[in-house]
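Down below is the structure, laid out as structure tokens.
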Amino acid sequence: MANPFKPGAGRKPPYLAGRDDIIRSIKNDMKQVYEDAEGMRPIVISGLRGMGKTVLLRELAETAHHQDWIAIEVEASKHDSLAKKLAQATYVELRRIRNSSRPLSSAFEHALAVLRSFQLKIDPTGSYSIGIDINPAKGFADSGDLSLDLVDLLKAVGEAARESGTAVFISVDEFQEAPQEDLAALNIALHTLGQGSAPVPVYFVGAGLPTLPAVLADATSYAERMFRFYSLNLLSEEAVRKAYVEPTEKNMIKWENESLEAAIQAAGGYPYFIQQCGFCICEQIDFPGTITKSELLAGIALAQDEIDRGLYRSRWDRATPKGKEMMRAMAEDEVPSKLSDVADRMGKKQPSDLSVLRDRLIHDGLIYSPKRGYIAFTVPGMNAFIKRCSD
Ligand SMILES: Nc1ncnc2c1ncn2[C@@H]1O[C@H](COP(=O)(O)OP(=O)(O)O)[C@@H](O)[C@H]1O
Ligand SMILES: [Mg+2]
């Protein structure tokens, strides 16, 4: 029998634990968008790496697909235009619908033509041409102002969805990575879309690191009021227990009481650890079987090793010697570090002496600033790893 646990970025867990509240809340929003055929306030989900943002987005997209929504899924990256990615993903989705046997409305044809205009405007040379064999819609999405053109595109796609009694779901993962102008343009477009009397049924979800709210606020001042913010935190012990037990029960694997408790402790509420530990523990037994203490210990040791190599070591190696020195100074704290404490430990006169180094580590995604004057690691447990290494 296959191991039920799924360690690794974005892999759907066998049991999605402890996210019922947020899922319920977002699905209620989606239901309302669908039933009223009207847009709603866009949302943003932030959390540390491995907290389960990507699998949550996938779960929402799946719901949208089940209800025949137009579902546009994008992952932003530093060096790629978000507009191009959105255009591409929109095209893939519209083509899928066109190839299905559904009758197509004139609004749908119009959306394709607007997408064609949009695409020609952002990529005039056609270097990444996507094969839309349709004439561009003159006067739509061709102003050259990205935010206005995005409004045209989203309106047209939204109208097409409304015509056929569905709605549009848009997700942007790693949203904080999007180039600043693209991010601002999308904010403005979403803001504009929400202004009219009957906004088109578009539901937008952005996800990213805890820096995301600040990144959005930097891009447009009203972002704080425009988005509804959710954050994904560590899971409760109860949720972790379920995340272990549900999948193992299904596979006729039993836990000795003590083993289960130890596995829960080892996960520390961190979804990524649950999958890694669960997987490595299950590697130790023959199915169906019982997880005893010795198998548990062997599994956890293996998981620890995998996590050190896969999660921590790669990050640690990315830092410069000076960066490492600063991270070592941070590792003395269990909670976010005060920049002034870190400066003291490093023998600096004042916190501002660390500005350049701090910005570099933030840019490299190794640390972030949870609030003014504080810094923290972007993955849980990094401090323990650094201490382990230094000992
Ligand atoms: N609620 C959850 N319950 C159990 N496992 C989860 C949960 N959320 C995420 N995971 C697991 O954690 C790992 C990281 O999830 P991912 O969505 O990639 O995190 P993020 O996008 O926040 O970095 C994956 O192995 C995934 O299966
Ligand atoms: Mg992710």
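The values are calculated or read from the model by the stated rules, or taken from the named source; none is laboratory data. Predicted, not measured: the structure shown is a model, and the values here were computed from it. As a convention, Cβ positions derive from the backbone with ideal geometry for all residues, glycine included, and neighbour counts pool all protein chains shown. Protein only, heavy atoms only, side chains kept; ligands, DNA and RNA dropped before computing areas. Shrake-Rupley method; radii C 1.70, N 1.55, O 1.52, S 1.80 Å.
Each Lys and Arg contributes +1 and each Asp and Glu -1, all at the Cβ; summed about the Cα centre of the chain, the dipole is approximately 480 debye. Rounded to the nearest Hz, the phi-derived 3J(HN,Hα) couplings of region 349-362 under the Karplus curve 6.51 cos²θ - 1.76 cosθ + 1.60 (θ = phi - 60°) are 5, 9, x, 5, 5, 9, 3, 5, 5, 4, 4, 5, 5, 5, where x marks glycine and proline.
With 19 Å as the limit, the listed pairs K322/K348; K349/K371; K349/K387 have K349/K371; K349/K387 beyond it between alpha carbons. Solvent exposure of K387, expressed as accessible area, is near 90 Å², computed with a probe of 1.4 Å over the protein chains only. Which shape class applies to region 237-315: rounded if a/c is under 1.5, otherwise prolate when a/b exceeds b/c and oblate if not, where a ≥ b ≥ c are the square roots of the Cα gyration tensor eigenvalues? Prolate, because a/c is 1.5 or more and a/b exceeds b/c. Remark on Y203: its backbone amide H falls under 5 Å from those of V168, F169, I170, a criterion applied only to residues 5 or more positions apart or on other chains, H modelled at 1.01 Å from N. A probe of 1.4 angstrom, applied to the heavy atoms of all protein chains, finds R328 with accessible area near 110 square angstrom.
Taking all protein chains together and rolling a 1.4 Å probe, H363 ends up with roughly 110 Å² accessible.
Rounded, prolate or oblate: which fits the chain, taking a ≥ b ≥ c as square roots of the Cα gyration tensor eigenvalues, rounded meaning a/c under 1.5, else prolate when a/b beats b/c? Present the calculation step by step, with values, prior to reporting the outcome.
Values: a/c = 2.36, a/b = 1.42, b/c = 1.66.
Here the chain falls in the oblate category.
At full extension, D286 and Q180 could sit 33.0 nm farther apart than now, given 0.36 nm per residue minus the alpha carbon distance.
Listed by chain and number, the aspartates and glutamates placed with their C-alpha closer than 13 angstrom to that of K121 are D142, D145, D149, D152; residues fewer than eight positions away on the same chain are left out.
Our summary gives region 20-231 a relative contact order of 35 percent, counting only alpha carbon pairs under 8 angstrom and 6 or more residues apart.
How much accessible area per residue does region 1-101 have, in Å², with a 1.4 Å probe? It amounts to 48 Å² per residue over region 1-101. Averaging the sequence gap over all C-alpha pairs within less than 8 Å and six or more residues apart, then dividing by the number of residues, gives the chain a relative contact order of 20 percent.
So if I take the centroid of the Cα atoms in region 347-387 and the same for region 244-310, what is the distance between those two points in Å? Comparing the Cα centres of region 347-387 and region 244-310, I get a distance of 32 Å. For region 56-81 and region 138-199, what is the separation of their Cα centres, given in Å? Cα centroid to Cα centroid, the span is 14 Å. For region 86-240, the share of alpha carbon pairs falling in successive 5 Å distance bins from zero is 2, 9, 16, 20, 19, 14, 10, 6, 3, 2, 1, 0 percent. In terms of its alpha-carbon gyration tensor, region 223-374 comes out prolate; a/c meets the 1.5 threshold, and the first ratio a/b outweighs b/c.
On the chain, 49 percent of the accessible area sits on carbon and sulfur atoms, based on a 1.4 Å probe. Taking every Cα-Cα distance in region 1-135 and sorting them into 10 Å bins from zero, the calculated P(r) comes out as 9, 32, 33, 21, 5, 0 percent. In this structure, the amide hydrogen of R228, modeled 1.01 Å from its nitrogen in the peptide plane, lies closer than 5 angstrom to those of I43, V44, counting only residues at least 5 positions away or on a different chain.
Contact order for region 33-156, expressed relative to its length and based on alpha carbon pairs under 8 Å spaced 6+ residues apart, stands at 18 percent. Each stretch of four or more DSSP H residues adds -39500 (n - 2.57); spread over every residue of the chain, this sum gives -16000 deg cm²/dmol at 222 nm. Close amide-amide hydrogen proximity is noted between K254 and G289, T290, I291, each under 5 Å apart and 5 or more residues distant or on a separate chain (H modeled in the peptide plane; Pro and chain starts excluded).
Each residue of region 224-241 was assigned a 3J(HN,Hα) from its phi angle through the Karplus expression (A = 6.51, B = -1.76, C = 1.60, θ = phi - 60°), giving 4, 8, 6, 8, 9, 9, 10, 10, 9, 10, 4, 7, 6, 4, 4, 5, 4, 4 Hz with x at Gly and Pro. Over 31 Å between Cα atoms: which of K31/K85; K53/K84; K31/K84; K84/K250 fall into that group? Too far apart for the 31 Å limit: K84/K250.
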